[in-house]
1. Over the C-alpha atoms of the stretch 425-480, what are the Rg and the largest Cα-to-Cα span, Dmax, in Å?
2. Over the stretch 251-362, how many percent of alpha carbon pairs lie in each 5 Å bin up to the one with the longest distance?
3. Taking θ as phi - 60°, what are the ³J(HN,Hα) couplings along the stretch 399-407 by the Karplus curve (6.51, -1.76, 1.60), each to the nearest whole Hz, with x for Gly and Pro?
4. How high is the FRET efficiency between I73 and L333 when r is their beta carbon distance and R₀ equals 25 Å, given to the nearest 0.05?
5. Quick one: check the C-alpha center-to-center distance for the stretch 239-312 versus the stretch 428-480, whole angstrom.
6. Can you give me the C-alpha center-to-center distance between the stretch 42-71 and the stretch 350-396, rounded to a whole angstrom?
7. Based on the alpha carbons, how large is the Rg to Rh ratio for the stretch 63-159 when Rh follows Kirkwood?
8. Among V412, V396, what is the fewest-to-most ranking by other Cβ atoms within 10 Å?
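We did not get these values from a lab; they are worked out from the coordinates using the rules stated. Remember, predicted model here, so these are calculated numbers, not experimental data. Here the Cβ is made from the backbone with ideal geometry for all residues, glycine too, and neighbour counts use every protein chain on show.
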Amino acid sequence: MEKIKTYIVIIILLMVLKPGFAQETENISLDGYLEMAAKNNPELKATFNQYLASLEKVPQVGSLPDPQSSFGIFTKPMAILGGSQVANIEVMQMFPWFGTLKIAKDEASEMAKAKFQVFIAAKAELFYQVKTNWYQLIKLDREIMLVEENIQLLESLEKLAMIKFQAPASGSSSSGTTGSGSMNTSSTENMNSGANDMGGMKTNQMTSAPLAATSMSNSSMPEEMGGQQSGLQDVLRVKMEILEQQNKLLLLKDQRFTTENSFNALLNRDLNTRFQINDSLSIQQLPTEKLAIADSILNNNPMLAMLGNEAVSYELMGQKAKKMGLPMLGVGLNYMLIQKRDGNTFMMNGTDMLMPMFSVSIPLHRKKYNAMQNEAVLMQESVKQQTLGLKNNLMVQYRSFVQNLNDAKRRVTLYQQQEELAQKTTDLLLAGFTTSGTNYEEVLRMQYKVLDFGFKHIEAITDYNMSVALAEKLMGRIIW
């Protein structure tokens, strides 16, 4: 009985004195990993380089056309009034219509801003993936801890069941011996008494005494065998449960290793880098009031901002197309190299000539300019429809976020309460099993309920935190 009490105390301590959620193994916080991902993730670097490349478009479209120059030599000097012209050099610079280059630069700048918003969206998506993997790792760590605690508890229950299994055998054995001894004593006294009273009854009394002893011994055997069989069933049940929990523990460890690989890939480091997390499993705070998140999404979502920049860019594209349909102006110089001609008495004989030039392009072919304007109008309409569709999609995601957040919040409270109630019920059943030796199967069933509610409680907190991370992603909240 002392052994049973000792194991009961151990089981109660395992149930009550559970280790906390935190693990003091690594000092890198989630913010540190986010910074590491922002610096090292290759996809994010590629997106940023695309933004930098788009910035290089601005000086390209804002520059004047290359000057044109021509150089001609006469194979035979051409006689003119002022001498003999031997060569001709011409330089010309064309200028687009007033304001065309500025509009082109503004258009390219808006497209570069759109690329930057794509980079912000990519960073927000990266941070969301890092956070979800982080919360999954915390969840798996906590589940592994729960299963390990449950295995220890089941092993203690197995020892308790083994003691209960062995106890009836020894008890029945001693009980049978005592009963047999008292029966023999009683029958002897009866025989002596019968001998004094009447001799003829002696033989009958001697015959009935062994029969009574045999009958009582046979009736105690089924009870002893039944108790041993029930105890053996309890031992086998708990062994089956231990094997199942050990298999579950291996599965959780495999899942953690896979999630670790995914997390390391986001940080662009060795996939086999092993680490543990020192954060606790706690509910994260929303970045703002729940009702204000919808407005914040519409005002700050990077993909909406990208479409806004594209809309401005296509509007400027239409203005640029109109400007390009206007004449281009050209300014240049013509330098004529002249030799003196013998016999020419003209006072400017042999003097080189410099002639300013002015030219105008005539945009006669209007189809391409009209097509450019139509393209800009159609692209503006396309962006407008994309914006409406994205807003609708974001509002659907917001509604789904609210639903999931509320559901997770309810489940956190529900499973926390159910876990506590199941734990109290298990304690009561265990105490009853200690005294009566019954309801062992119910003890195992309720302990499984405790574990199940613990898992669901952890999952609810994880779902809540992932919903918060989704809201931060939709709002484009980044820290680096």
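1. Rg, Dmax (Cα atoms, Å): 20.3, 63.
2. Percent of pairs per bin, in order: 2, 7, 7, 6, 6, 7, 8, 7, 5, 5, 5, 5, 5, 5, 4, 4, 4, 3, 3, 2, 1, 0.
3. Each residue's phi maps through the Karplus curve to give 5, 5, 4, 4, 4, 5, 5, 5, 5 Hz.
4. Details: r = 18 Å, r/R0 = 0.71.
For R0 = 25 Å, the calculated efficiency reads 0.90.
5. Taking the Cα centre of each part, the stretch 239-312 and the stretch 428-480 sit 19 Å apart.
6. 18 Å
7. Working: Rg = 38.4 Å, Rh = 22.1 Å.
Rg/Rh for the stretch 63-159 comes to 1.74.
8. V396, V412
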